[in-house]
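Every number in this text was worked out from the coordinates using simple rules, so none of it is lab data. It should be emphasised that the depicted structure is a prediction, and the values quoted were computed from it without experimental measurement. Positions of Cβ are generated from backbone atoms using ideal geometry, with glycine treated the same way; all protein chains shown enter the neighbour counts.
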Amino acid sequence: MSGTVRAGAAPTLEQVAAVAGLSRATVSRVINGSPKVTAEAVTAVNAAVEQLGYVPNRAARVLASRRTQSIALVIPEDTARFFADPYFASAVQGAATHLAGTEYTLTLLITSELDPAKTRRYLRGGNVDGALILSHHSDDRSYVQLGDEMPVVFGGRPVSDDAARAHYVDVDNEAVARLAVEHLRARGRRRIATIAGPQTMAAGVDRRSGWERATAEAGVEPGPVATGDFTPEGGAEAMRALLDGGEPFDGLFAASSQMAHGALGVLRERGVRVPEHVGVVGVDDDYFARNATPPLTTVRQPTAELGARMAQLLIARIEGVEVPRVTLMPIELVERDSA
């Protein structure tokens, strides 16, 4: 059989076999990743595929394996918030970079929680092999039950009552707060306030409880509490509430760099100098932290690495490999001028 490809015609598996000098069955095993082939066969087939520009018949492979080789990355947020938050860009980049070295493709679903059932119907419809669920703002409990039907990995601990059976990648958010409070305490702050995140989300709940425990352990008096929504506007509104409440504080832990960024603007408006009057520590070493005035001391969570680890674990689950239910990523303090 000739290995020549007619102009305009897609190369076939038989032509790859002819160029490689191997049987069609052997070529098929190589292309489908079978371990029952020699290294020489793999080299020959890869060279033939490259020479001919052969693309495997994806539809046939899906029918044979019952896999789509596609993964959904679900962002249960509105589009405006997705594009405004660097957390998402970094996590998506990490997941996409990891998947680039695999046979899996990534389908991004930015889905408003106005109709979560529509997204769940798509996921259950055999369109993807598994799902990554990533939300920095929204309650993601409605997706936990999907894990009973297909492989799912969450970015962040779900808040559902049955989240104990979910697989997720996160940081220790209580430790995040503790690291921030300890830094402020070491800088002489005696009354440390907090702008907490939404109490419908695990990160918001855990960072607030971490702040409560850390202030008690450090022997400092907890300052006032306000709650924001992880946005600069939410941080600004919370900062106004703290200042208008009249309770004194000389340190502030903001549960995100975006909220800290908004809080710093209000402190400048009110004539409160940072760090002379109030030391401020946030979370996330992103654009908002680096470009704050003054630049923000923050607790870094490795968001891109978190996205990559989510993708790695999901592929393992799809392929039947047992993985830890909980994976915690490292954190570190990045010291700048705000504290």
Item to check | Read-out mean projected area of the Cα convex hull in nm², derived from the coordinates shown; its label in (i) 19.9; (ii) 20.8; (iii) 22.3 | outcome: (ii)
Next on the checklist: Quick check on the exposure proxy: order PHE249, PHE83, PHE154 from fewest to most C-beta atoms within 10 angstrom.
Outcome noted: PHE83, PHE249, PHE154
Checklist entry - With a 10 Å Cβ neighbour count serving as the proxy for reagent exposure, in which order, fewest first, do MET259, MET150 appear? => result MET150, MET259
Checklist outcome for this item: The answer for THR227, listing residues at least 5 apart or on another chain whose modeled amide H is closer than 5 Å to its amide H, is ALA196
Checklist entry - Relative to the first principal axis of the alpha-carbon coordinates of the chain, what is the inclination of helix 202-218, with its axis defined by its Cα atoms, in degrees from 0 to 90 and to the nearest 10? => result 40 degrees
Item to check | the stretch 195-260-the stretch 171-185 distance, computed between alpha-carbon centres (Å) | outcome: 12 Å
Checklist outcome for this item: In deg cm²/dmol, rounded to the nearest 500, the helical mean residue ellipticity at 222 nm of the chain, built from -39500 (n - 2.57) for every DSSP H run of length 4 or more, is -13000 deg cm²/dmol
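For the stretch 246-299, what does the alpha-carbon gyration tensor say about shape, rounded, prolate or oblate, given a ≥ b ≥ c as the root eigenvalues, a/c under 1.5 as rounded, and a/b over b/c as prolate? Each step should come with its number before you reach the end.
On the way: a/c = 1.95, a/b = 1.55, b/c = 1.26.
Cα axes put the stretch 246-299 in the prolate bin.
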Checklist entry - In terms of the Cα gyration tensor, with a ≥ b ≥ c the square roots of its eigenvalues, is the stretch 293-333 rounded because a/c is under 1.5, prolate because a/b exceeds b/c, or oblate? => result prolate
Checklist entry - Which of the listed residues, ALA175, GLY188, MET329, is farthest toward the dipole's positive end in the chain, when Lys, Arg count +1 and Asp, Glu count -1 at the beta-carbon? => result MET329
Next on the checklist: How much length would be gained if the chain were fully extended between THR200 and VAL55, taking 0.36 nm per residue of separation minus their Cα-Cα distance, in nm to one decimal?
Outcome noted: 47.5 nm
Next on the checklist: Tell me the angle of helix 303-318 to the major Cα principal axis of the chain, expressed in degrees between 0 and 90 and rounded to the nearest ten.
Outcome noted: 40 degrees
Checklist entry - So for SER257, SER23, SER28, SER338, fewest C-beta neighbours within 10 Å to most, what's the order? => result SER23, SER28, SER338, SER257
Checklist outcome for this item: Listed by chain and number, the residues whose amide H is under 5 Å from that of LEU108, excluding neighbours fewer than 5 places away on the same chain and using placed H, are LEU73
Checklist outcome for this item: Once phi for every residue in the stretch 227-239 is put through the Karplus expression 6.51 cos²θ - 1.76 cosθ + 1.60 (θ = phi - 60°), the whole-Hz ³J(HN,Hα) values, with Gly and Pro written as x, are 10, x, 10, 6, 10, x, 5, x, x, 5, 4, 5, 5
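Mind running the shape call on the stretch 173-300? Use the C-alpha gyration tensor, a ≥ b ≥ c as the square roots of the eigenvalues: rounded below 1.5 for a/c, prolate if a/b tops b/c, oblate otherwise.
It comes out rounded by the Cα gyration axes.
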Item to check | Approximate spin-label separation ASN291-VAL326, in nm, with each point projected 7 Å along Cα-to-Cβ | outcome: 3.6 nm
Item to check | Using alpha-carbon coordinates, inclination of helix 39-52 to the longest axis of the chain, degrees | outcome: 90 degrees
Item to check | Efficiency of FRET between ILE110 and GLU40 - r from beta-carbon atoms, R0 45 angstrom, step 0.05 | outcome: 0.45
